[in-house]
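Heads up, the thing below is written out as structure tokens.
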Amino acid sequence: MPSFRTRAAQPEELLPVRRGLQRRAGAALPEWDAFAATAQLCSGAPGKLLSPATKDASGGPGIHLVTSGVLKATVTTSAGRLRIMSFPRTGDIVASLGFLAAASQTTIPVSHDPGEPLPGDAKLTAVVATTTLRFDGAVAIALAERHRAWSTLALRLLMELLLLRTFRLNDHLVLSAEERYLKVLREEAALVRQISQRDLALYLGVTPEALSRIAARARERQRLQPAGE
């Protein structure tokens, strides 16, 4: 599958990113130039593949900040079925499990082949024309170890990711497929307009045929609902 195009990021392209990250950190970020020097602008048309597991100059996986567009993060189950874990959008951070393991100093199981992606690492594909900024993961970890502001930023970004994953897991454990469908329509209407019905089905964890039946039932209930309720 064709991949994203990559080039060195220009200083003016990093200004809004710096402001946004400092706002999330709640402070100025020391040694910004060292972090910015590793930045690459990645751009891809719909269907192009972005790989966060691609190794940076230090041999570790990089991290991406989505600056425009929408990605879909797809995994394959042990039964060979596709599932969409998430749709990273503007402002979201995307990192491989390898980077998260390195950042948290978590030991990777010895049975894992270092030359292969970690189990659960998603394939990232552009849903619409998408751009990201890619940064050196090793530099980010080193800055977090040296400076409180970078450490605070890393902690807050990880907490955001944890909350999103927890909410999504809770939805799958507590809500029915129809309830998940209605929640997505209610809370992520803009996303639903950008993705295909097949991708929506994979995101909800149902087949396209099941989604069609769920949508028909939801429309029928809405039609029968008394006005004003």
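Key figures for this structure:
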| quantity | calculated |
| --- | --- |
| Output for region 142-192, where each listed residue is free of Cβ contacts under 8 Å to residues at least 60 places away in the same chain and closer than 18 Å to residue 38 by Cβ | 142, 144, 145, 154 |
| Top-ranked residue of region 1-21 - restricted to ones that are assigned to a helix (DSSP H, G or I) and without any contact (Cβ under 8 Å) to a residue 60 or more places away in the chain, ranked as farthest from residue 141 (Cα to Cα) | 12 |
| Selection from region 22-36 of residues that are in contact (Cβ under 8 Å) with a residue 40 or more places away in the chain and either loosely packed, with under 13 Cβ neighbours inside 10 Å or more than 22 Å from the chain's Cα centre (by Cα) (or both) | 26, 27, 28, 29, 30, 31, 34 |
| Search result, residues across region 41-51 that are closer than 10 Å to residue 5 by Cβ and either buried (at least 18 other Cβ atoms within 10 Å of the Cβ) or modelled with pLDDT under 95 (or both) | 41, 42, 43, 44, 48 |
| Subset of region 175-229 (residues that are small (Gly, Ala, Ser) and closer than 24 Å to residue 71 by Cβ) | 177, 189, 190, 196, 201, 205 |
| Unmet requirement for residue 98, which otherwise passes all of (1) at pLDDT 70 or above; (2) assigned to a helix (DSSP H, G or I) | (1) |
| Subset of region 120-148 (residues that are among the small types (Gly, Ala, Ser), modelled with pLDDT under 95 and surrounded by fewer than 16 Cβ atoms within 10 Å (Cβ to Cβ)) | 120 |
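The values are calculated or read from the model by the stated rules, or taken from the named source; none is laboratory data. Here the structure is a predicted model, which means the values were calculated and not measured. Cβ atoms come from the backbone with ideal geometry, glycine included; neighbour counts cover every protein chain shown.
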